[in-house]
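Some notes on the structure that comes next.
The values are calculated or read from the model by the stated rules, or taken from the named source; none is laboratory data. Since we're looking at a predicted model, the values are computed, not measured. Cβ: placed from backbone, ideal geometry, glycine included. Neighbour counts: every protein chain shown. Only protein heavy atoms, including side chains, enter the accessible area calculation; ligands, DNA and RNA are left aside. Shrake-Rupley method; radii C 1.70, N 1.55, O 1.52, S 1.80 Å.
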Amino acid sequence: MALSAQQIPRWFNSAKLRSLINAAQLTKCFTRPGRTLLHGFSAQPQISSDNCFLQWGFKTYKTSSLWNSSESTSSSSQENNSTQSSLLPSMDEQSQKTQKIPSFDSELFLEELDELPPLSPMQPISEEEAIQIIADPPLPPASFTLRDYVDHSETLQKLVLLGVDLSKIEKHTEAANLLLRLDFEKDIKQMLLFLKDVGIKDNQLGAFLTKNHAIFSEDLENLKIRVAYLHSKNFSKADVAQMVTKAPFLLNFSVERLDNRLGFFQKELELSVKKTRDLVVRLPRLLTGSLEPVKENMKVYRLELGFKHNEIQHMITRIPKMLTANKRKLTETFDFVHNVMSIPHHIIVKFPQVFNTRLFKIKERHLFLSYLGRAQYDPAKPNYISLDKLVSIPDEIFCEEIAKASVQDFDKFLKHFRFLCTLKCNIVK
C-alpha cells in the first residue's frame, strides 16, 4: 500500500539517522533506471506503483508547486488502480510511469536531505529503527572514583597523559569535582604554559599537578604577580623553578605571606639578604610550612642543647633541615654524640650533618670502633676520625679506611649487636 503524505516526513527523517549504505539505498528510488549513483551501487528499474508514488511524493514534499500537480496525478493513479486492481500493470505502463517520475542528481538529493527538518523526540519509531540506535552509556550521577568519568572527559584523559595521578586527587572531593567542571582548552592549557614558563619540565608536570591540584582554582594573573615578586627579590629563574618544584604549593601563597616569611627568617636568624635567599632556595618549604617547628627548634638549640647564636646560624645555613627536624630526634642525637662519644660543641658545629643522620647508624659505627679500640674523635690526637667520615661514607670505605677491618667482621658485629638490642627490648617489655 502506498505511503500517505503524513507518513512521508517521518520516513525520510528517520532515514537521516541511518548509515551511508541505507542512504545509498534510498537514492535508488530517485534516479533513472540503470543510472549509477555511487561507486558500487546501481539503480534498477522500478516496477511497483507504490514505490513510484513514494518517489514522486518525496519530490512534492520539498516543492509546493509540484505538490499541487501531484494531487491530480495521484487521483488519476488511484482511479486507474481501482478499475484494474486485479491486474498487474503492463511493461508499457510501467515505463510511462517511470518516465513521469521527476529526475534529479544524487548530489541534489543529498543537499535536500540535509535540509529536512530534524526528527522530533516525541515522534514514534518502529522496533527495527529503535534497535539500530546506539546510545552512549550515561554518566554516573555520583561516584567515588574519577575512573568512571575518564572515558567521557577530554580534560581527565589529557591529565592522565601528562602523568597526573587521579587516584590521589579523587581523595579530595572538592578537587575532583573541580576537575570535572574544567575545560582543558579554556582552563588548563594556559596554566600548563605558565608552569612551563616558570621552569617546570614536562616530565615534572604530572607530579606537580598531582600534589598541587588546587592551583587550577588560582587566578593566573595572581600567579604571575607572585613569580614577579620573587624575581624582584633577586631570585633567578633557576631558583624559582627549583623552589616551585620542591614546594609545589609555593605559588598558592600571596605576595604578603611570602614577604612576611622572608622577613621572619632574616630577622629571627639575623642572616644577610643573600644567606636568607640561599636558605629558602635550598629548603623552600620554609615559606609554605608552619613556623611553629622552626620556633621550637630554635629554642631547643639555645636552651636545651646549649649552642650559641652564631653556632646555630652556621649549622642551619649548612643543613637547613635542622630548622624543621623532629625535636626528639635532635635531642637524642645530641645526647649520644655529646655525652656518649664525648664530642664537644665546637666540633659538632663543624659537622652539623650528624643531626641529619640516623641515630642507629651512628651507634653501630661508634660501638664497632670502640670494640676495635679506634674510637678517637679528638683532632689533636693521632688516628683522629672526623664526624663527617663517620656518618657519610659507605660501609665498604668505612671498614677499609676507618675501622681497618673487613666488611664480614662488621656484619658479624652488627648481627650480635642487633641481637643484644632485641633481647634488651624484650626484657624491658
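Worth pointing out:
- FRET E, pair LYS201, LYS171, Förster distance 30 Å, beta-carbon r, rounded to 0.05: 0.70
- Under the Karplus curve 6.51 cos²θ - 1.76 cosθ + 1.60, θ = phi - 60°, whole-Hz ³J(HN,Hα) for the range 388-402, x wherever Gly or Pro sits: 4, 5, 4, 10, 9, 7, x, 4, 4, 6, 4, 5, 6, 9, 9
- Residue pairs, from the table LYS246/LYS308; LYS211/LYS267; LYS246/LYS327; LYS237/LYS308; LYS361/LYS381; LYS211/LYS321, whose Cα atoms sit over 28 Å apart: LYS246/LYS308; LYS211/LYS267; LYS237/LYS308
- Residue-normalised accessible area of the range 143-217, given per residue in Å² at a 1.4 Å probe: 59 Å²
- Equivalent-ellipsoid semi-axes of the range 199-258, from the Cα gyration tensor, Å, largest first: 18, 15, 9
- Rg/Rg_globular for the range 143-217, with Rg_globular taken as 2.2 N^0.38 Å and Rg from C-alpha atoms: 1.02
- Placing a pseudo-label 7 Å from each Cα along the Cα-to-Cβ vector at LYS327 and ASP388 gives an inter-label distance of 3.3 nm.
- Gain on full extension, evaluated as 0.36 nm per residue between PHE194 and ALA228 minus their Cα-Cα distance, stands at 11.0 nm.
- Computed over protein heavy atoms with a 1.4 Å probe, the carbon and sulfur contribution to the accessible area of the range 357-428 reaches 56%.
- Hull-based mean projected area of the range 357-428, where the convex hull spans the alpha carbons, in square nanometres: 5.2 nm²
- Here the range 164-315 yields Rg over Rh of 1.04, to two decimals, using C-alpha coordinates and the Kirkwood radius.
- Applying 0.36 nm per residue to the separation of GLU129 and GLU270 and subtracting their alpha-carbon distance, the gain on full extension is 42.6 nm.
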